[in-house]
Amino acid sequence: MRIVTAATLALTLVGAAAPAATARPPATDGIWRTDGYGTVLSIRNGTLQEYQTTAVSCIAGDTGRATGPGTYTTTGGTVLTVRTRGDRDRASVRSAGDVGERHLRRMTELPAACKVSTPGTPPAAFDVFWQSFEENYPFFAAKGIDWHAVRDRYRPMVHEGTTPDELFTLFGRMVEPLHDAHVAVWDVDADHDGIPDRRFAQGRPGTVQPDGKLDAEVKRFVVERDLKDARNLQDFAAGRITYADLPGGQGYLRISGFGGYAGDDAPYTAELAELDKALDTVLGRQRARNPKGLVIDLRVNGGGSDALGLHLAGRLTDTPYLAYSKRARNDPADPTRHTRPQPLYVTPAQGPRYTGPVAVLTGGSTVSAGETFTQALMDRPGRTVRIGQPTQGVFSDVMERKLPGGMSVWLPNEELLTRSGRTYDGAGIPPHLTEPVFTPEEFARNKDSAFDRAVRVLRDRDQGLS
């Protein structure tokens, strides 16, 4: 899935001027409930309203304006497409740049909870917080967490006089044992600058979450150590993509995220254009016509758009194949029930392509879309080997849920399945060949064992790759 792509991460919706009084209402007008995702959509007269629902709440989300037949554009520029199916009582919604769609079923009216306001009290915030995880989080059993016991422990601590500081701390304690990098608690914007005052998030133990500082430090080390004798060193996509020709004839492609290529809040089409511009240059080189291997470095990758990852995978094959299937939890009372898996494919992309051997470098700072891209290469019809350490272990898009009183929470509700039905949530995707990744010892000795192993494997690819 989605970091958060952010996708990017919540189903946010926007809308348009009312049609003429004599016009027939569009087929998409009405009340719709998503299959999974705890969301109800109201579409009337060109205006779309999102409602985030649980058994104890209904909180209005974003609204929007129609910008074309069946399309709605968010204030952030995301384009959503709503299409009816068959008997007009079923529909789907897809966000531009999404790899899948969400199915909708028509309702006769809004849920009763949507017709009354939810109190903005600390007890109400706790109840919505707990219930949002109870109905949507898929991994309690896998992580050995008794969520009901968590409620029984912390609910008596919350009362009308609980302060925002106390509530924020309590929420952090509740979700910390999940060690899930796609779970985050956001404090209110008390100073009204548009930036949440505080954020709590907890990744897998023993891993480091990627950020700008880590990315800059690692990039400098790689350029000075691994690429010191390389040719054609070049940055693309606002520095998120780096390419170089290695002395042995291999190519080196470093990707620090699947997004942020075209500036803040850029639409998916602009991001895709920047990615294609980089790939046209990289894969159009002589190396692509006489391949000796390609190293793809994802060891510090903060995620972003899964669709951009699938598009890159489409530049690495001449044959379509299954990348993964996506399903979401869709029964509030039963965590073992899910939506029908949507198969998502890698399709050969337009432009120069490379189909030779690939070595993918991964580690604990390979997160979210960096991981879904890694998963999309697992069945690639070409020789692909993973080297380094397991990825972070978070694949779902992120649901953003508003809480009474102003806080919000992010949580995952999806699983990405391999062809055999396996998921890698929690533990991450393991490497074929284990090597240390950016440890203090490696830095101190000016070593990059994973990179060096990749170059050796590609040099001897007939024996080193299966």
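Readers should treat all values here as calculations from the given coordinates under stated rules, not as data from a laboratory. Please read all numbers here as calculations on a predicted model, not as lab measurements. Ideal geometry is used to build each Cβ from the backbone, glycine not excepted, and the neighbour counts take in all protein chains shown.
Dividing the Cα radius of gyration of the range 201-276 by 2.2 N^0.38 Å, with N the residue count, gives 1.27.
The trypsin sites (Lys or Arg not before Pro) of the range 295-374 that DSSP puts in a loop, and whose beta carbon has at most 16 other beta carbons within 10 Å, are R337, R353.
Could you give the alpha-carbon Rg of the range 339-414 over 2.2 N^0.38 Å, rounded to two decimals?
Numbers: Rg = 16.6 Å, N = 76, 2.2 N^0.38 = 11.4 Å.
Against the empirical 2.2 N^0.38 Å value, I get 1.46 for the range 339-414.
Using the Cβ-Cβ distance between N446 and R340 with R0 set to 56 Å, the FRET efficiency works out to roughly 0.65. Across all Cα pairs in the range 122-201, the calculated P(r) in 5 Å bins from zero up to the longest distance comes to 3, 13, 25, 26, 18, 10, 4, 1 percent per bin.
For the range 26-34, the Karplus equation 6.51 cos²θ - 1.76 cosθ + 1.60, evaluated at θ = phi - 60°, returns couplings of x, 4, 7, 5, x, 10, 10, 10, 6 Hz by residue, with Gly and Pro reported as x. Pairs of Lys residues in the chain that lie 8 or more places apart, or on two chains, and have C-alpha atoms under 25 angstrom apart add up to 15. Per-residue ellipticity at 222 nm from helix content only, as computed over the chain with -39500 (n - 2.57) for each DSSP H run of at least four residues, stands at -6500 deg cm²/dmol.
Tally Lys/Arg at +1 and Asp/Glu at -1 over every other residue whose Cβ is under 14 Å from the Cβ of A55; what's the total? The partial results should precede the final answer.
Numbers: positive: R33, R151, R401; negative: D127, E134, E135, D331, D334.
Taking every other residue near A55 into account, the sum is -2.
Each peptide in 231-237, 367-373 receives the mean, over its residues, of other Cβ atoms within 10 Å, and ordering these scores from highest gives 367-373, 231-237.
Mind sorting S117, S396, S132 by how few other Cβ atoms lie within 10 Å of their own Cβ, fewest first? Mind dumping the intermediate values first?
Details: S117 11, S396 27, S132 24.
In increasing order of surrounding Cβ atoms, one gets S117, S132, S396.
Please report the orientation-averaged projected area of the range 296-450, defined via the convex hull of its C-alpha atoms, in nm².
Numbers: hull surface 47.4 nm².
The directionally averaged projection comes out at 11.8 nm².
Expressed in units of 2.2 N^0.38 Å, where N is the residue count, the Cα radius of gyration of the chain is 1.01.
Among V218, V455, V346, the order by Cβ neighbours within 10 angstrom, fewest to most, reads V455, V218, V346.
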